[in-house]
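The values are calculated or read from the model by the stated rules, or taken from the named source; none is laboratory data. Bear in mind that the values here come from a model prediction, so they are computed numbers and not experimental data. Because the Cβ atoms are built from the backbone with ideal geometry, glycine has one as well, and the counts that use them run over all protein chains shown.
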Amino acid sequence: MTWVIAVAAMLAILIFGVMAAMAIGKQQEQRRRILAVITRGKTSSVKEESKDKALAKQRAVIARKLTEAGKEKNQKKDNVTIRDLMVQAGIEAPTSRYWMASVAFAVVVWALAALLTSWPPIAVIFFTFAAFLGGPRFVLKRMAKNRQKRFLEELPDALDGCVRLLQAGMPMTEAIAMVSREFTGPLKEEMLKIYDNQKIGVPLGQAAFETAKRVPLTEVHMFATALQIQSETGSSLSEVLTNLSGVIRARFRLKRKIQALSSEAKASAGIIGSLPPLVALGLWLASPNYMEPLFQTAKGHWYLVGCGMWMGCGIMIMKQMINFRI
C-alpha cells in the first residue's frame with residue numbers, strides 16, 4: 001500500500017507540474033499577443049497619418065498608455081482574488097457565499113467518495129481538498145469568461161453607434177447612455193455603470209477604467225485609454241473608436257478562420273480522447289468477467305486512478321495544442 005501511495009503522489013506532482021508549466025506558457029503568450037496588437041495598431045496609425053504630425057503624436061501617446069495598461073493588467077492577472085473573479089462573473093454577493101458553496105461541494109464529493117468507493121482515506125482527503133479548491137473556482141472562471149465573451153461580441157456595434165452620435169455632434173456621455181438603453185446583457189450593465197458614475201462626478205476615463213477592471217479585456221482597456229486621452233489631449237475620439245471597432249471585427253474574422261482550419265485537429269483529438277473509455281465499455285459489455293477485477297479490487301481501483309490522471313494530462317496537452325488564441 002505504501003508504494004501505491006507513493007506512485008499516486010508522484011503522479012499528482014507530475015500533473016500539477018504540467019499544469020503549472022502550461023499556465024506559465026499561456027500567460028507569456030497572452031503578454032506577447034497584447035504587445036503585438038498594440039504595436040500593430042500604432043504602426044498602422046502612423047502610416048495612415050504620417051503627414052499630420054500632431055495626430056501622430058497623439059496616437060503615440062495613446063499607444064504608450066495602452067502599453068502601460070497592458071503591462072499593469074498582466075501584473076494584476078497573476079494576483080486575481082476570489083472577489084475579483086466574482087466581480088468579473090457579474091455576481092453581486094459577498095465572498096462568504098463562495099466559500100460556503102465550496103464547503104458544500106467538498107462535503108458532497110467527500111460523501112460520494114467515502115460511500116461509493118473503497119479508496120484509502122488519504123485518497124479521499126486528497127480528492128476532497130482538490131474539489132474544495134478547484135471545483136467552484138473553475139465554475140467561476142467559466143462564468144467570467146462567458147460574460148466577457150458576450151460583452152466583446154456586442155462591443156463593435158456599440159462603438160459604431162457611439163461614433164455616429166459623436167459625428168452628429170452629441171457628447172460621449174450621451175453616446176454611452178444610448179448604448180445602455182439599446183443593448184442588453186453585460187454591455188448594458190457596464191455602460192450603465194459608466195454613465196451613473198459620470199453623473200455623480202467621476203471622470204469619464206476613470207469610470208471606464210473601473211469597467212476595465214470588471215471586464216479585463218485588451219479591447220476594454222483600449223476603450224478606457226481612448227476616453228482618458230481624449231479628455232486630456234482632445235484627440236479625435238470618433239476615429240479612435242472606429243479603428244478599435246475595426247480591430248475587434250478583424251480579430252473575430254481571424255478567430256473564425258482559425259476555428260475552421262483547426263476543426264480537423266479538434267475532431268481527431270476528440271476521437272483519441274474518447275477511444276479508451278469506449279473500448280473499455282465495449283470490453284465490459286462483451287466480457288464482464290474480464291473487466292470485473294478492474295472495478296472490484298483495490299489494485300484495479302488504483303489502475304483506474306492512474307489511467308484517469310494520465311488521460312487528463314493527455315487531454316489537457318491536446319487542448320493546448322489545438323487551442324489557438326487570438
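Listed here are the residues, each with its yes/no results for (1) outside any helix (DSSP H, G or I); (2) in contact with a helix residue (DSSP H, G or I) (Cβ under 8 Å, 6 or more places away or on another chain); (3) polar (S, T, N, Q).
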| site | (1), (2), (3) |
| --- | --- |
| Lys149 | no, no, no |
| Val163 | no, yes, no |
| Ala175 | no, yes, no |
| Met178 | no, yes, no |
| Gln206 | no, yes, yes |
| His221 | no, yes, no |
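Every residue in the range 271-326 that is among the basic types (Lys, Arg) and over 19 Å from Ala123 (Cβ atoms), please. Explain how you work it out, then say what you get.
Our first condition is that a residue be among the basic types (Lys, Arg); within the range 271-326, this holds for 299, 319, 325.
Selection gives Lys319, Arg325.
Residue-wise test of (1) of a type in the set (A, V, I, L, M); (2) not assigned by TED's automatic domain parsing to the domain that holds Val163.
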{"site": "Ile248", "(1), (2)": "yes, no"}
{"site": "Phe252", "(1), (2)": "no, no"}
{"site": "Lys255", "(1), (2)": "no, no"}
{"site": "Gly273", "(1), (2)": "no, yes"}
{"site": "Pro276", "(1), (2)": "no, yes"}
{"site": "Leu281", "(1), (2)": "yes, yes"}
{"site": "Leu285", "(1), (2)": "yes, yes"}
{"site": "Pro288", "(1), (2)": "no, yes"}
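Taking interchain pairs and intrachain pairs at least six residues apart, which have beta carbon atoms under 6 angstrom, with the first residue in the range 110-137 and without any contact (Cβ under 8 Å) to a residue 60 or more places away in the chain and the second polar (S, T, N, Q) and in a helix (DSSP H, G or I)?
Trp110/Thr128; Phe132/Ser102; Pro136/Ser102
From Leu244, Leu254, grab the single residue that is touching a residue at least 24 places away in the same chain (Cβ under 8 Å), out of contact with any helix residue (DSSP H, G or I) (no Cβ under 9 Å at 6 or more places or on another chain) and not polar (S, T, N, Q).
On the way: Leu244 fails: out of contact with any helix residue (DSSP H, G or I) (no Cβ under 9 Å at 6 or more places or on another chain).
Just a single option satisfies the conditions, and that option is Leu254.
List the number of the failed condition for Asp196; all other conditions in (1) within 17 Å of Gln230 (Cβ to Cβ); (2) surrounded by fewer than 17 Cβ atoms within 10 Å (Cβ to Cβ); (3) free of Cβ contacts under 8 Å to residues at least 24 places away in the same chain hold.
(1)
Only residues that are within 30 Å of Arg251 (Cα to Cα) and polar (S, T, N, Q): list them for the range 274-326, please.
Across the range 274-326, the qualifying residues are Gln320, Asn323.
Output the number of the condition that Ala212 fails; it satisfies all remaining conditions of (1) touching a His at 6+ places or on another chain (Cβ under 9 Å); (2) of a type in the set (A, V, I, L, M, F, W, C); (3) under 30 Å from Ala106 (Cβ atoms).
Checking Ala212 against (1) touching a His at 6+ places or on another chain (Cβ under 9 Å); (2) of a type in the set (A, V, I, L, M, F, W, C); (3) under 30 Å from Ala106 (Cβ atoms), the one that fails is (3).
Name every residue in the range 110-127 that is over 18 Å from Leu304 (Cα atoms) and surrounded by 13 or more Cβ atoms within 10 Å (Cβ to Cβ), in order of residue number. Quick ask: steps written out before the conclusion?
Residues of the range 110-127 that are over 18 Å from Leu304 (Cα atoms), as a first pass: 110-111.
Across the range 110-127, the qualifying residue is only Trp110.
Within the group Gly300, Gly282, Gly308, which residue is under 29 Å from the mean Cα position of the chain (by Cα) and either surrounded by 13 or more Cβ atoms within 10 Å (Cβ to Cβ) or not β-branched (Val, Ile, Thr) (or both)?
Numbers: Gly300 fails: under 29 Å from the mean Cα position of the chain (by Cα); Gly282 fails: under 29 Å from the mean Cα position of the chain (by Cα).
Being under 29 Å from the mean Cα position of the chain (by Cα) and either surrounded by 13 or more Cβ atoms within 10 Å (Cβ to Cβ) or not β-branched (Val, Ile, Thr) (or both) holds for just one of Gly300, Gly282, Gly308, which is Gly308.
Which members of the range 234-267 meet the condition of being among the polar types (S, T, N, Q) and in a helix (DSSP H, G or I)? Write out each step before concluding.
Step one: filter the range 234-267 for residues among the polar types (S, T, N, Q), giving 235-236, 238, 242-243, 245, 259, 262-263.
Correct list: Ser238, Thr242, Asn243, Ser245, Gln259, Ser263.
Residues that are modelled with pLDDT under 85, surrounded by fewer than 14 Cβ atoms within 10 Å (Cβ to Cβ) and of a type in the set (S, T, N, Q): does the range 236-254 have at least one?
Within the range 236-254 (the criterion being modelled with pLDDT under 85, surrounded by fewer than 14 Cβ atoms within 10 Å (Cβ to Cβ) and of a type in the set (S, T, N, Q)), the answer is no, since none of the residues qualifies.
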